[in-house]
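Remarks on the structure that follows.
The values are calculated or read from the model by the stated rules, or taken from the named source; none is laboratory data. What you see is a predicted model, and the numbers here were worked out from it, not measured in a lab. Cβ coordinates were reconstructed from backbone atoms using ideal geometry, including for glycine residues, and neighbour counts include every protein chain displayed.
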Amino acid sequence: GAVVSQHPSWVICKSGTSVKIECRSLDFQATTMFWYRQFPKQSLMLMATSNEGSKATYEQGVEKDKFLINHASLTLSTLTVTSAHPEDSSFYICSANSQRIDYEQYFGPGTRLTVT
Amino acid sequence: QQPVQSPQAVILREGEDAVINCSSSKALYSVHWYRQKHGEAPVFLMILLKGGEQKGHEKISASFNEKKQQSSLYLTASQLSYSGTYFCGTGSRGGSNYKLTFGKGTLLTVNP
């Protein structure tokens with residue numbers, strides 16, 4: 001149980017375009033989903049927290065107009081990187097918090113974004 | 001506040017033991033341990049919520065000290081599959097949300 005999927009697994013896009021990444025909880029309802037970014041050989045940095053049906057809470061230094069988060073249902077959250085630039089290239093990982101077990105977070109497999 | 005992990009890296013031979021530490025200057029709400037292999041997402045290992053708590057699964061165990069400022073992850077009789085980067089994440093409440101702040105990670109390499 002507690003499986004989280006992400007789509008796509010990787011994406012290459014041109015500078016200035018937008019990219020959407022989906023995060024789904026497959027076998028449980030996720031009240032809260034989290035979006036992280038991880039640069040090579042570095043730690044996971046929380047970008048934002050999203051709750052179903054409400055606006056996302058962004059961490060300090062994360063541009064909310066650039067990284068649009070929509071948590072449309074208890075099983076789906078999306079992250080859209082708008083007007084992507086090469087410095088946005090990174091590994092984006094989502095996680096979901098199960099309603100059954102308050103504090104455990106289950107991570108998706110990640111999406112590798114490369115902006116050329 | 002980011003927790004401090006030590007050591008940064010450790011190299012073992014198969015069958016040896018290792019300890020990874022995670023500490024904070026303030027009492028923590030919880031500690032979560034994850035293992036991440038290169039290019040993959042972190043895999044949940046365990047969570048500790050109570051001071052003085054110890055728990056384990058197979059040959060991996062963890063403890064949380066009484067003051068809830070330090071946690072240690074114990075890897076016993078290491079296997080090749082234990083290789084990866086281990087992260088501790090400390091839980092905190094930001095408004096109504098509960099979120100994790102991760103340490104910088106400990107790279108564990110198990111050689112035959």
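Name the single residue, out of those in region A:18-38 being among the β-branched types (Val, Ile, Thr) and at pLDDT 95 or above, that is surrounded by the most Cβ atoms within 10 Å (Cβ to Cβ).
Taking region A:18-38 first, the residues among the β-branched types (Val, Ile, Thr) are A:19, A:21, A:31-32.
Within this subset, residues satisfying the condition of being at pLDDT 95 or above are A:19, A:21.
Details: A:19: 18, A:21: 22.
The selected residue is A:21.
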Within region A:1-27, the residues that are of a type in the set (Val, Ile, Thr) and more than 22 Å from residue A:105 (Cα to Cα) are A:11, A:12, A:17, A:19
Any residue that is at pLDDT below 95 and not basic (Lys, Arg) - is there at least one of those in region B:82-89?
yes
All-but-one check, residue A:73 against (1) of a type in the set (S, T, N, Q); (2) within 28 Å of residue B:105 (Cα to Cα); (3) free of Cβ contacts under 8 Å to residues at least 60 places away in the same chain, failing number (2)
Complete set of residues in region B:48-68 that are under 26 Å from residue A:49 (Cα atoms) and either in contact (Cβ under 8 Å) with a residue 60 or more places away in the chain or surrounded by fewer than 18 Cβ atoms within 10 Å (Cβ to Cβ) (or both):
B:49, B:50
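Can you give me the number of residues within region B:20-46 that are of a type in the set (A, V, I, L, M) and within 9 Å of the chain's Cα centre (by Cα)? Outline the logic, then answer.
Applying the first criterion (of a type in the set (A, V, I, L, M)) to region B:20-46 yields B:20, B:27-28, B:31, B:41, B:43, B:45-46.
Now drop any that are not within 9 Å of the chain's Cα centre (by Cα), which leaves B:20, B:31, B:45-46.
Residues that pass the stated criteria total 4.
Please return the ranges of strands (runs of 3 or more DSSP E) entirely within region B:1-108 where 2 or more residues are not aliphatic (A, V, I, L, M).
On the way: elements: B:4-6, B:9-13, B:18-23, B:30-36, B:43-48, B:54-57, B:60-64, B:70-75, B:84-94, B:97-102.
Qualifying strands (runs of 3 or more DSSP E): B:4-6, B:18-23, B:30-36, B:54-57, B:60-64, B:70-75, B:84-94, B:97-102.
Restricting to region A:50-69, name every residue that is β-branched (Val, Ile, Thr) and touching a residue at least 24 places away in the same chain (Cβ under 8 Å). Quick ask: steps written out before the conclusion?
In the first step, residues of region A:50-69 are kept if they are β-branched (Val, Ile, Thr); the result is A:57, A:62, A:69.
Passing the criteria: only A:69.
Do the conditions hold for residue B:1, that is, is it loosely packed, with under 14 Cβ neighbours inside 10 Å and either free of Cβ contacts under 8 Å to residues at least 40 places away in the same chain or farther than 30 Å from residue A:9 by Cβ (or both)? Explain how you work it out, then say what you get.
Numbers: loosely packed, with under 14 Cβ neighbours inside 10 Å: yes; either free of Cβ contacts under 8 Å to residues at least 40 places away in the same chain or farther than 30 Å from residue A:9 by Cβ (or both): yes.
So residue B:1 passes the test.
Mind checking which residues of region A:96-116 are within 14 Å of chain B (Cβ to nearest Cβ) and either modelled with pLDDT of 95 or more or farther than 15 Å from residue A:30 by Cα (or both)? Let's see the steps before the verdict.
Here is the first cut: in region A:96-116, the residues within 14 Å of chain B (Cβ to nearest Cβ) are A:96-114.
Hits for region A:96-116 are A:109, A:110, A:111, A:112, A:113, A:114.
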Residues that are surrounded by 18 or more Cβ atoms within 10 Å (Cβ to Cβ), hydroxyl-bearing (Ser, Thr, Tyr) and closer than 19 Å to residue B:27 by Cβ, drawn from region B:69-112:
B:71, B:72, B:90, B:98, B:101
Hey, among the residues in region A:46-73 that are β-branched (Val, Ile, Thr) and away from chain B (no Cβ under 12 Å), which one's farthest from residue B:92 (Cα to Cα)?
A:69
Of all residues being closer than 25 Å to residue A:14 by Cα and modelled with pLDDT under 90 in region A:39-88, which is surrounded by the fewest Cβ atoms within 10 Å (Cβ to Cβ)? Just the residue, please.
A:40
Of all residues being surrounded by fewer than 18 Cβ atoms within 10 Å (Cβ to Cβ), under 21 Å from residue A:104 (Cα atoms) and within 14 Å of chain A (Cβ to nearest Cβ) in region B:5-44, which is modelled with the highest pLDDT? Just the residue, please.
B:37
